[in-house]
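Below is one structure, written out as structure tokens; comments come after it.
Only the coordinates and a few stated rules stand behind these numbers; no lab work does. Please read all numbers here as calculations on a predicted model, not as lab measurements. A quick note on method: Cβ atoms are made from the backbone with ideal geometry, for glycine too, and the neighbour counts reach across all protein chains shown.
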């Protein structure tokens with residue numbers, strides 16, 4: 001009988017006394033304490049190993065560009081050198097190295113109806129005289145040349161319209 005009581009007390013996490021004295025109040029269940037205690041050392045063990053394997057990152061570089069020296073171009077109006085409305089820049093195309101290669105212009109139509117997107121070589125755009133958001137970018141192509149350009153469709157090979165002698169071929173890989 002004494003063995004059965006000792007086994008029950010041992011299962012409950014309470015130490016049995018040799019004499020018949022009342023058992024002390026049970027402590028918090030042992031099943032709950034060890035996971036919390038064992039989880040903390042694992043987390044602590046992981047953090048130092050991450051820190052020891054990583055060297056501190058150097059601080060980022062900072063470049064200050066004057067407000068008159070740089071402007072965003074998305075949504076900017078594009079005009080020909082003859083001051084014809086050519087549309088708006090809606091996207092910029094970069095190659096795998098991150099070099100800007102072309103701009104997508106939403107050309108033609110009225111208020112977006114009847115317009116189509118065409119791709120023009122980045123070198124055909126002129127940014128001189130662009131000093132505020134209301135200034136337009138100049139394209140070295142006329143309206144007739146842009147009208148004849150094929151439409152841009154995403155996920156298809158790009159046909160880039162460039163000013164005479166300024167278009168550089170891309171290395172196209174399938």
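Using 0.36 nm per residue of separation minus the Cα-Cα distance, give me the extension gain between residue 113 and residue 94 in nm, one decimal.
Numbers: separation 19, 0.36 × 19 = 6.84 nm, distance 2.73 nm.
Answer, rounded to one decimal: 4.1 nm.
Roughly how many nanometres apart are two label points built 7 Å out from the Cα toward the Cβ at residue 158 and residue 70?
The answer from the label model is 2.1 nm.
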